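Undergrad: The following block contains the structure, expressed as structure tokens.
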Amino acid sequence: MSEAFSAEAPFVTFDDVWLAYDEELLARGQYAVEAIDLSVRQGEFIAIVGPSGCGKSTFMKLATGLRMPSRGRILIDGRPVTGPLKISGMAFQAPSLLPWRTAVDNVLLPLEIVEPYRRSFKARRSEYTERARQLLRKVGLAGHEDQFPWQMSGGMQQRASICRALIHEPKMLLLDEPFGALDAFTREELWCILRDLWTEQRFNVILVTHDLRESVFLADTVYVMSKSPGRFMLKKDINLPRPRDLEITYTAQFSDVVHELRGHIGAIRSQPASGATS
């Protein structure tokens, strides 16, 4: 690790977590993910990579409390996860902005529906609106705050989606292939925006991605998942200095890490499947 983290309790803990999607699959011993052990420090940025169908998105549902484990326990910020978390923000590959709302109004949406902001939204709307506009300007959308999604490019929509995930100042940001549908130049630009937001605010990040370069550029630690049923096969600390500029992606040190991860995933892909897909 290039930076020291405090020795406080982990922010995220998975303790021998298994998940079967229904009782019938559980009775047959068919799990989507199995034996997941994980300990994530406060402010750590982790990435999860692996072959398609390995359980990466299932892991995200567990981390957000959208699914409860069949076995094991999950702690987030020192508390057992018993349902959907209010301290997390999420962004996906599809921005899913509401087409009838402007960028700023889309960003404000979580404050309208998530407590404790909901109860004070009307009274503090002007304050929250300014917070949303500042966040949009920070990601390069100055001058586009009042545009509708159909007036914005895919990259611009994804920036607004990330702002929406961060507007309520979550302690944890979960990203499920957020840049996968974008062109290479836009993707790298958004890597840098995410890097800067994380550096400034130091929220925890869990990034699921198929892009190994993305995982190595952004993360402190990369986890490689097996085929379904998914389990962590490798934990790789990314010992590249921070702050990281895009130039580092052209260095031998960076390429060596990417090739190492690709080798592990290639070996996993060549193994026969051992269970149902997730």
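Bear in mind that the values in this text are calculations on the coordinates, not laboratory data. Fair warning: this is a prediction, and the values are worked out from it, not measured in the lab. Positions of Cβ are generated from backbone atoms using ideal geometry, with glycine treated the same way; all protein chains shown enter the neighbour counts.
Undergrad: What is the P(r) of the chain, as percent of Cα-Cα pairs per 10 Å bin from 0?
TA: Result returned by the calculation: 6, 28, 34, 24, 8, 1.
Undergrad: What is the gain in length, in nm to one decimal, between Ala184 and Leu75 on full extension, counting 0.36 nm per residue of separation less the C-alpha to C-alpha distance?
TA: 35.7 nm
Undergrad: For region 150-244, what class follows from the C-alpha gyration tensor (a ≥ b ≥ c being the square roots of its eigenvalues): rounded when a/c is under 1.5, otherwise prolate if a/b is larger than b/c, else oblate?
TA: The shape class here is prolate.
Undergrad: Rounded to the nearest 10 degrees, what's the angle between the helix 154-166 long axis and the longest principal axis of the chain, both from Cα atoms, 0 to 90?
TA: Relative to the chain, helix 154-166 is tipped by roughly 90 degrees.
Undergrad: Another question, then. Calculate I(q)/I(0) for region 98-170 by the Debye formula, one identical point scatterer on each C-alpha and no solvent, and give its log10 at q = 0.12, 0.18 Å⁻¹ to two decimals.
TA: The computed values of log10 I(q)/I(0) come out as -0.27, -0.61.
Undergrad: Once every DSSP H run of n ≥ 4 in the chain is given -39500 (n - 2.57) and the sum is divided by its residues, what mean residue ellipticity at 222 nm do you get, rounded to the nearest 500 deg cm²/dmol? All intermediate terms of the calculation are to be shown ahead of the outcome.
TA: On the way: 9 runs with 98 residues, N = 278.
Calculated mean residue ellipticity at 222 nm is -10500 deg cm²/dmol.
Undergrad: Right, here's the next one. Can you list the aspartates and glutamates whose alpha carbon is less than 15 Å from that of Lys122, not counting same-chain residues fewer than 8 positions off?
TA: Answer for Lys122, where 15 Å is the Cα cut-off: Asp105, Glu112, Glu130, listed by chain and number.
Undergrad: Across the Cα atoms of region 8-104, what radius of gyration and what greatest pairwise Cα-Cα distance (Dmax) are found, in Å?
TA: 15.3, 48
Undergrad: Given a Förster distance of 51 Å, report the FRET efficiency between Gln147 and Gln42 from their Cβ-Cβ distance, rounded to the nearest 0.05.
TA: Calculated transfer efficiency: 0.90.
Undergrad: If I model a spin label at Ile87 and Ala267 as a point 7 Å from the Cα along the Cα→Cβ vector, what separation in nanometres do I get?
TA: About 3.6 nm separates the two model spin labels.
Undergrad: A follow-up question, please. At a Cα cut-off below 20 Å, give the lysines reachable from Lys236, other chains included and same-chain residues fewer than 8 away excluded.
TA: Partners within reach: Lys56, Lys227.
Undergrad: Where in the chain is the longest stretch that carries no GluC sites (Glu not before Pro) classed as loop by DSSP and with at most 13 other Cβ atoms within 10 Å?
TA: The reported range is 9-278.
Undergrad: Could you tell me the relative contact order of the chain? Use alpha-carbon pairs under 8 Å, at least six residues apart, and round to a whole percent.
TA: It rounds to 27 percent for the chain.
Undergrad: Note down the nm distance, to one decimal, between modelled labels 7 Å out along Cα→Cβ at Ile113 and at Glu169.
TA: Spacing of the two 7 Å Cα→Cβ label points: 2.2 nm.
Undergrad: What residue among Thr13, Thr186, Thr209 shows peak mean-square fluctuation when the chain is described by a Gaussian network model with Cα springs under 10 Å?
TA: Highest fluctuation among the options: Thr186.
Undergrad: Return the loop-located chymotrypsin sites (Phe, Trp or Tyr not before Pro) in region 57-113 (DSSP other than H, G, I, E, B) with at most 11 other Cβ atoms within 10 Å of their own Cβ; answer none if there are none.
TA: Within region 57-113, the qualifying chymotrypsin sites (Phe, Trp or Tyr not before Pro) (loop, at most 11 other Cβ atoms within 10 Å) are Trp100.
Undergrad: Here's a follow-up. Between Ala123 and Glu24, how many nm apart are label points set 7 Å from Cα along the C-beta direction?
TA: 5.2 nm
Undergrad: If the cut-off is a Cα-Cα distance under 12 Å, which aspartates and glutamates reach Lys171, setting aside same-chain residues fewer than 8 apart in sequence?
TA: Output for Lys171: Glu44, Asp77.
Undergrad: Quick one: putting +1 on the C-beta of Lys and Arg, -1 on the C-beta of Asp and Glu, what dipole do you get for the chain around its Cα centre, in Debye to the nearest 20? Mind showing how you got there, number by number?
TA: Values: 34 positive and 34 negative charges, 116 e Å.
Roughly 560 debye for the chain.
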